[in-house]
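Scroll down for the structure; my scribbles are underneath it.
The values are calculated or read from the model by the stated rules, or taken from the named source; none is laboratory data. This one's a predicted model, so the numbers in the text were calculated from it and none came from an experiment. Glycine also receives a Cβ, built like all others from the backbone with ideal geometry; neighbour counts cover every protein chain displayed.
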């Protein structure tokens, strides 16, 4: 399975991408991006999961914009219909209030109940 990944790179950072591709023997092509003279598109052909993970870590570390992942780039919508459980209040305060009221009642009585 070979997948093409496109990195959008500025001229000052292109050397890092070229060295990365040559060091790991990843086939790549470089094309200027539109009319901008400072931006380039580097197409890298990733053939394995290890190369893909390594490239993702490299791109994240150097803050490169990644595009062209095909089916993997499509985000699936997440549905969050989970309902929060309702809290039933029986007229009793929170645990700290209940414990403090019990402690104050026990302090007044001489008998301790365990």
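Is one or more of the residues making up segment 46-53 surrounded by 10 or more Cβ atoms within 10 Å (Cβ to Cβ), at pLDDT below 90, in contact with a strand residue (DSSP E or B) (Cβ under 7 Å, 6 or more places away or on another chain) and in a helix (DSSP H, G or I)?
Yes, that holds for at least one residue.
Could you list, in sequence order, all residues of segment 54-66 that are part of a helix (DSSP H, G or I), within 15 Å of the chain's Cα centre (by Cα) and surrounded by 14 or more Cβ atoms within 10 Å (Cβ to Cβ)? Steps first, answer last, please.
Of the residues in segment 54-66, the ones part of a helix (DSSP H, G or I) are 54-62.
If we keep only those that are within 15 Å of the chain's Cα centre (by Cα) too, we end up with 56-61.
56, 58, 59, listed by residue number.
Consider only pairs whose beta carbons are under 7 Å apart and that are at least six residues apart or on different chains; among these, list those whose first residue lies in segment 8-26 and is touching a residue at least 60 places away in the same chain (Cβ under 8 Å) and on the phi < 0 side of the Ramachandran plot and whose second residue is surrounded by 12 or more Cβ atoms within 10 Å (Cβ to Cβ) and part of a helix (DSSP H, G or I).
That search, which allows pairs on different chains as well, returns nothing.
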